[in-house]
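Note sheet for the following structure.
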Amino acid sequence: MSTGSARNVVLVHGGFVDGSGWQGVYDALIADGFRVTVVQNPTQSLEGDVEATRQVLDELDGDVVLVGHSYGGAVITEAGTHPRVSALVYVAAFAPDKGESVTTLIANPPPGAPVPPILPPRNGFLFLDRERFHASFAGDLPAAQAAFMSDSQVPWGVEALNGAVSDPAFASSIVEFIAAVPAG
């Protein structure tokens, strides 16, 4: 597979947020001449988010670079087997292998790893503590933007975290992992 001919980029967001968090990346890619589509995952189940992503992929012509952030990495790991996907890019993202889920990947964090302020599930959904959102989740953003994101966070379904990958696309795709250093 070659990424050289791909002019389509599909961006997949993580948990607690929607696709608007990709605005800066979207603007930069559009300026470079790419056709960019942002998936709006419902974040209720991995299966539903994979289906939402595949629907976007079905509508595009030509090769696609599929990009995922955080939980979006689990989504692209499963959706990336789509025939239009020529490359996967993981941006500070989960990359579960066959049979793994986000839950299994976070079950035993390394010593000293930051623990996000996830509140106990309410009706099958998770939220981040609003008071700690900026420092733990959006430390590189201005306070006003982080406050808006905290107040508009999307409920993240526990079922989505527990969704296990059945056919990891990275086993047969070109993959690039991009790590981000947490702020503070």
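The values are calculated or read from the model by the stated rules, or taken from the named source; none is laboratory data. It should be emphasised that the depicted structure is a prediction, and the values quoted were computed from it without experimental measurement. Counting neighbours? That spans all protein chains shown, and the Cβs are built from the backbone with ideal geometry, glycine included.
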- Over region 36-64, the set of residues in a helix (DSSP H, G or I), under 22 Å from residue 23 (Cβ atoms) and among the aliphatic types (A, V, I, L, M) is 52, 56, 57
- Quick one: which of 74, 28, 52 is hydrophobic (A, V, I, L, M, F, W, C), closer than 27 Å to residue 164 by Cβ and surrounded by fewer than 24 Cβ atoms within 10 Å (Cβ to Cβ)? 52
- Item | Meets criteria (of a type in the set (Val, Ile, Thr), touching a helix residue (DSSP H, G or I) at 6+ places or on another chain (Cβ under 7 Å) and part of a loop (DSSP other than H, G, I, E, B)) for residue 154 | no
- Task: Could you check, for region 125-144, whether at least one of its residues is modelled with pLDDT of 90 or more, in contact with a His (Cβ under 8 Å, 6 or more places away or on another chain) and more than 18 Å from residue 43 (Cβ to Cβ)?
- Result: yes
- Item | Qualifying positions in region 2-13 - at pLDDT below 95 and of a type outside the set (A, V, I, L, M, F, W, C) | 2, 3, 4, 5, 7
- Message: Which pairs turn up if I take residues in region 119-145 that are among the small types (Gly, Ala, Ser) and look for partners that are loosely packed, with under 12 Cβ neighbours inside 10 Å and not in a strand (DSSP E or B) with beta carbon separation below 8 Å, at least 6 apart in sequence or on another chain?
- Response: 135/184; 136/114; 139/184
- Note on the structure: Of 26, 71, the only residue that is touching a strand residue (DSSP E or B) at 6+ places or on another chain (Cβ under 6 Å) and either under 18 Å from residue 153 (Cβ atoms) or at pLDDT 95 or above (or both) is 26
